[in-house]
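As structure tokens, the structure follows; a few thoughts come after it.
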Amino acid sequence: MNNSVRNTARLIGAGLRALLVLTVVCGVVYPLVVTGVAQAAFPGKANGSEVSSHGKVVGSSLIGQRYDKGKDKRGNPVPDLRFFQPRPAAGLGSNRANGVNTGYDLQVSGASNLGATNTDLAKAVKERKRWVSETYGVPEAKVPADAVTSSGSGLDPDISPAYAELQADRVARENHLPGGTVRRLVERHTDARTLGFLGEPRVNVLELNTALKDLVHGGGKG
């Protein structure tokens, strides 16, 4: 009986010691080491890839955001054409999937799951294509796909160089800047394929608009 009690006590003690050691190693030491290495080697990414302007954080380069100047009579957001516009956002909470942006809401991230033959999707894409064509003065045939469709997450921070270039002249006029200056700004903020072959060339809208604001406030020299 005494041996049985001692064995049980020994097993319980070993288990508690193992629990304590694993808790310290996995719950304290490992997180501190990983956090320390991340902060030392990749501080920007470790802190959420923040984008700052004049010492103030304006967002994350990983998450898209809207650029509006209010809402119309029906409550729809009105894009502020002084800035480059992102691709449409159609989160899971949106009932206007892939239509005019309903907002980059982190709580409703996700695709609309509407198929290519869905009539609502087709109508929304058609309306968006017409809006882009009329707003930026280009034929509907030249409107790129990312200008009229949302991403799988609904939070895509990037647009294609084609969509950015399409907007450049209108953005320049709205900000009273030379068209060439704004187009060069787009070129400087166009990222090539990762490692030269992964993905597609892209333009981060937040970083581009942040640079645009700095350019405008700096007197348009760029």
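Take 194-206, 76-88, 123-135, 46-58 and order them by the average number of nearby Cβ atoms within 10 Å per residue, most first; the result is 76-88, 123-135, 194-206, 46-58.
Projecting the Cα atoms of L11, G75, L185 onto the dipole axis of the chain, where Lys and Arg carry +1 and Asp and Glu carry -1 at the beta carbon, places L11 farthest toward the positive end. The modelled label-to-label distance between E187 and A145, using points 7 Å beyond Cα along the C-beta direction, is 2.8 nm.
In deg cm²/dmol, rounded to 500, what helix-only [θ] at 222 nm does the chain give when every DSSP H run of at least 4 residues adds -39500 (n - 2.57) and the total is split over its residues? Don't jump to the answer; show the numbers that get you there.
Numbers: 7 runs with 94 residues, N = 222.
The helix contribution divided over the chain gives -13500 deg cm²/dmol.
Rounded to the nearest 0.05, what FRET efficiency is calculated for H176 and A46 with R0 set to 30 Å and r the Cβ-Cβ distance?
Values: r = 39 Å, r/R0 = 1.31.
My answer for the efficiency is 0.15.
Averaged per residue, the chain has 61 square angstrom of accessible surface, using a 1.4 angstrom probe with ligands and nucleic acids left out. Along segment 156-169 the Karplus relation, 6.51 cos²θ - 1.76 cosθ + 1.60 evaluated at θ = phi - 60°, assigns HN-Hα couplings of 4, x, 10, 10, 6, x, 5, 6, 5, 5, 4, 8, 4, 5 Hz to successive residues, with x for each Gly and Pro. When +1 charges are put on Lys and Arg Cβ atoms and -1 charges on Asp and Glu Cβ atoms, the dipole computed for segment 124-222 relative to its Cα centre reaches about 220 debye. Considering only the other residues whose Cβ falls under 15 Å of the Cβ of A141, what net charge follows from Lys and Arg at +1 and Asp and Glu at -1? Result for the neighbourhood of A141: +3.
In a GNM of the chain with a 10 Å cut-off on Cα contacts, which of Y136, Y30, Y67 has the highest mean-square fluctuation? Of Y136, Y30, Y67, the Gaussian network model singles out Y30 as fluctuating most. Close amide H pairs (under 5 Å, H built 1.01 Å from N) link D68 with D80, residues at least 5 positions away or on another chain.
Taking 0.36 nm per residue of sequence separation and removing the Cα-Cα distance, the L114/V34 pair yields an extension gain of 24.8 nm.
Rounded to the nearest 20, the size of the Cβ-charge dipole of the chain about its Cα centre is 360 debye, with Lys and Arg at +1 and Asp and Glu at -1. Take the solvent-accessible surface of the protein heavy atoms, probe 1.4 Å, and return the percent of it on the chain that carbon and sulfur atoms account for. Using a 1.4 Å probe with all protein chains present, the chain comes out at 57 percent carbon and sulfur. Near the amide H of S53, within less than 5 Å, lie the amide hydrogens of V58, all on another chain or at least 5 residues away, with H placed in the peptide plane.
Stokes-Einstein diffusion coefficient for the chain at 25 °C in a medium of 0.890 mPa s, Rh from the Kirkwood formula over Cα pairs: what value in µm²/s? Show your work: numbers first, answer last.
On the way: Rh = 20.6 Å.
So the translational diffusion coefficient is about 119 µm²/s.
Using C-alpha pairs under 8 Å with a sequence gap of at least 6, the mean separation divided by the residue count of the chain gives a relative contact order of 17 percent. Using R0 = 41 Å, the C-beta based FRET efficiency linking H217 and L195 works out to 0.70.
The values are calculated or read from the model by the stated rules, or taken from the named source; none is laboratory data. If you're wondering where the values come from, they're calculated on a predicted model, not measured in any experiment. Counting neighbours? That spans all protein chains shown, and the Cβs are built from the backbone with ideal geometry, glycine included. In case anyone asks, the SASA skips ligands and DNA or RNA and just uses the protein heavy atoms, side chains included. Shrake-Rupley method; radii C 1.70, N 1.55, O 1.52, S 1.80 Å.
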